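The values are calculated or read from the model by the stated rules, or taken from the named source; none is laboratory data. Quick caveat, the model's predicted, so the values are computed rather than measured. Heads up, the Cβs are rebuilt from the backbone with ideal geometry, glycines too, and the neighbour counts pull from every protein chain shown.
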């Protein structure tokens, strides 16, 4: 009999990185902390090309930010020269934080993307050993008008399409931008997304989009969690339609999509921007199976009272045949579901603020 598959869960927190592993997604083994007292706002698990490479976007308040990788499941870590991501002398900028580490599609196994603060996107073609600044976005004429969200000026979502050279980036604040030529040029794609807090509530750009995810079956379909507003687009972001009806609140940070089935997405609503707690203090994960026409909330296995938020990258979905859904709270609890978000169990508790969570079914 073949050995059961192992699911690996990477948990980045305000004070270090933990790894959890399980062969049944019910019982979990938690590692000792790594990079203790460093902030880990981004993690990634890259299982392409027949190997497993872990990435951690580290932030040391003494040494600054860097991107590290491990090829032995966290046993040892390597740091690329000069931290891996570094602005040039003429860019008049310094790296502040790595918000997103995104391996590209299976057909581009060496390509890894990073979204950073100040708002910038970086590309590696050598499995994350070195990164190059995307000049098309950095030199964009809108850049001087992009602002900072509550957490900073972040390029927090990088979505390469598996079908072609389309690339989407979402930023706080700036909105959604799309490149149709692999990142050489960029245009804003925010029509229909509200920016109620601005003098013009329907600007070309400047929206505070919190997270964007791509549909697994139709790469032209996107889902977005906005700063008040939940949306979908059927045309690669050319236009957006609200799908917030049926949710207890339209604020939040999380947006996840099913890895195999179209039209399925998950959100974790918060009451409002001024009250960043679950509605009525009840933590629920809401799911749609029809592209946002209807939603169903589930809290089975979750605490009856919870007043901590779930941040945008503190949630993820694995790629198992029946996908697991995972998230961590700012109160340091991490939860796992082995049945697509219907029921949950606690993986870890009393960790520092959870900032980033990623899961992967490891190759045999």
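What single numbered condition from (1) in a loop (DSSP other than H, G, I, E, B); (2) in contact (Cβ under 8 Å) with a residue 40 or more places away in the chain fails to hold for residue 266?
(1)
So, in region 58-71, of the ones that are over 12 Å from residue 45 (Cα atoms) and surrounded by fewer than 17 Cβ atoms within 10 Å (Cβ to Cβ), which residue ends up modelled with the highest pLDDT?
60
Filter region 332-364 for residues that are farther than 18 Å from residue 57 by Cβ, more than 19 Å from the chain's Cα centre (by Cα), assigned to a loop (DSSP other than H, G, I, E, B) and at pLDDT 95 or above and give the result.
Within region 332-364, 338, 339, 342, 344, 349, 350 qualify.
Mind listing whichever residues of region 309-329 are surrounded by 19 or more Cβ atoms within 10 Å (Cβ to Cβ), under 16 Å from the mean Cα position of the chain (by Cα) and part of a loop (DSSP other than H, G, I, E, B)?
At the first step, the residues of region 309-329 found to be surrounded by 19 or more Cβ atoms within 10 Å (Cβ to Cβ) are 309-318, 323-329.
From what's left, under 16 Å from the mean Cα position of the chain (by Cα): 309-318, 324-329.
Answer for region 309-329, where residues must be surrounded by 19 or more Cβ atoms within 10 Å (Cβ to Cβ), under 16 Å from the mean Cα position of the chain (by Cα) and part of a loop (DSSP other than H, G, I, E, B): 309, 310, 311, 312, 313, 314, 318, 324, 329.
Taking region 48-83, which residues are in a helix (DSSP H, G or I), within 17 Å of residue 104 (Cα to Cα) and touching a strand residue (DSSP E or B) at 6+ places or on another chain (Cβ under 8 Å)? Even if it seems obvious, please write down each step before you answer.
Taking region 48-83 as the starting set, the residues that turn out to be in a helix (DSSP H, G or I) are 48-50, 81-83.
From what is left, the residues that are within 17 Å of residue 104 (Cα to Cα) are 48-50.
48, the sole residue that qualifies.
Give region 30-47 a look and list any residue that's in a strand (DSSP E or B) and surrounded by fewer than 18 Cβ atoms within 10 Å (Cβ to Cβ), or say none.
The first filter runs over region 30-47 and keeps only residues in a strand (DSSP E or B), leaving 30, 34, 39-46.
Matches in region 30-47: 30 only.
Within region 1-29, take every residue that is touching a strand residue (DSSP E or B) at 6+ places or on another chain (Cβ under 8 Å) and outside any strand (DSSP E or B) and give me the one that is modelled with the lowest pLDDT. Show your work before the answer.
Of the residues in region 1-29, the ones touching a strand residue (DSSP E or B) at 6+ places or on another chain (Cβ under 8 Å) are 5-23, 25-26, 28-29.
Adding the requirement that they be outside any strand (DSSP E or B) leaves 5-6, 14-15, 23, 25-26, 28.
Details: 5: 84, 6: 95, 14: 98, 15: 98, 23: 96, 25: 96, 26: 96, 28: 98.
Here the residue is 5.
For region 106-125, which positions are more than 25 Å from residue 226 (Cα to Cα) and either touching a helix residue (DSSP H, G or I) at 6+ places or on another chain (Cβ under 6 Å) or outside any strand (DSSP E or B) (or both)? Steps first, answer last, please.
First pass over region 106-125, keeping only residues more than 25 Å from residue 226 (Cα to Cα): 106-112, 123-125.
106, 107, 108, 109, 110, 111, 125, listed by residue number.
Taking the conditions exactly as written (buried (at least 22 other Cβ atoms within 10 Å of the Cβ) and either at negative phi or touching a residue at least 24 places away in the same chain (Cβ under 8 Å) (or both)), does residue 111 satisfy them or not? Break it down stepwise before answering.
Working: buried (at least 22 other Cβ atoms within 10 Å of the Cβ): no; either at negative phi or touching a residue at least 24 places away in the same chain (Cβ under 8 Å) (or both): yes.
So residue 111 fails the test.
Every residue in region 9-21 that is in contact (Cβ under 8 Å) with a residue 60 or more places away in the chain and either farther than 17 Å from residue 355 by Cα or surrounded by fewer than 20 Cβ atoms within 10 Å (Cβ to Cβ) (or both), please. Even if it seems obvious, please write down each step before you answer.
Going residue by residue through region 9-21, those that are in contact (Cβ under 8 Å) with a residue 60 or more places away in the chain are 9-16, 18, 20.
Once the filter is applied, which keeps residues that are in contact (Cβ under 8 Å) with a residue 60 or more places away in the chain and either farther than 17 Å from residue 355 by Cα or surrounded by fewer than 20 Cβ atoms within 10 Å (Cβ to Cβ) (or both), region 9-21 yields 14, 15.
Could you check residue 306 against (1) under 23 Å from residue 240 (Cβ atoms); (2) part of a loop (DSSP other than H, G, I, E, B) and say which number it fails?
Exception for residue 306: condition (1).
Kindly indicate which of 128, 136 is part of a loop (DSSP other than H, G, I, E, B) and touching a residue at least 12 places away in the same chain (Cβ under 8 Å). Give the steps one after another, and end with the answer.
Details: 136 fails: part of a loop (DSSP other than H, G, I, E, B).
Answer to the selection: 128.
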